[in-house]
Amino acid sequence: MSEQSDRWFEPDPQLREALLHRYGQIRPDGFWQQSRFQLKRLTWKAVIGSTYVFKRLLDIVVSAELLLVLAPLFLTVAALIKLESPGPVFFKQIRVGRWGKLFPMWKFRSMYVDAEARKAELLARNESAGGVIFKMKHDPRVTRVGRFIRRASIDELPQFWNVLVGDMSLVGPRPALPSEVDKYSLADRRRLEVFPGITCIWQVSGRSDIPFPEQVKLDVRYIESSSLWQDILILMKTVPAVLLGRGAY
């Protein structure tokens with residue numbers, strides 16, 4: 001190697017001193033700097049921890065009260081489901097929760113009992129953009145009662161039990177099927193950083209009318225700016241979104 005190239009690797013003394021002067025104070029070497037650094041760290045951990053505690057407290061209180069208040073509606077829907085088609089009242093499906101944990105998610109049954117067996121013949125008619133999730137506006141597997149409770153989001157109400165036991169939260173990305181998670185890109189998997197929810201930001205913005213890639217972007221935006229106040233706003237927007245029924249099928 002030439003002498004000129006050796007000199008090229010030698011650091012400029014003035015530049016080195018300038019960098020040390022500018023960034024040397026970042027390391028909290030002194031007692032007060034250490035104390036201030038630790039105080040900021042503990043404050044940040046307290047803020048994050050308290051947000052989770054209040055979010056979980058809200059989940060428990062709201063889900064427990066709604067399960068009691070909605071008990072008469074549950075009984076009515078159960079009777080209607082039984083009258084229209086044979087089979088169980090509730091539909092249990094394995095979903096993926098926070099950090100990839102699998103859990104059984106509960107719904108009122110809105111389809112005929114052979115719905116999963118008939119799904120293969122309908123895959124070519126998938127109307128969901130992106131191909132990760134399966135959606136059809138006029139799915140022949142859905143019963144008449146099922147069509148009504150889906151449009152009114154009544155089929156999702158048993159998930160308040162999932163919230164109460166800690167598998168889900170009131171607000172968060174909707175829980176995906178394991179087969180859907182298998183198709184996730186690395187960016188899509190950011191949805192698994194938080195507890196899934198009964199309602200989410202894209203459900204109050206158009207629901208199934210929003211393409212899957214846009215759903216992911218909205219979910220990631222929610223995760224990056226998550227707060228208790230944001231959850232309350234989404235819950236407030238959920239009521240008119242359910243009443244209008246836009247994008248529900």
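Bear in mind that the values in this text are calculations on the coordinates, not laboratory data. Predicted model only: the values in this text are computed from it and were never measured. With ideal geometry, Cβ positions are generated from the backbone for all residues, glycine too; neighbour counts draw on all protein chains shown.
General observations
- Take the Cα of Phe148, step 7 Å toward its Cβ, do the same at Ser35, and the gap between the two points is 6.9 nm.
- Residue (of Val89, Ser227, Leu157) at the positive-pole extreme of the stretch 63-244, dipole from beta-carbon charges: Val89
- Normalised size of the stretch 63-244, defined as Cα radius of gyration per 2.2 N^0.38 Å with N residues, equals 1.01.
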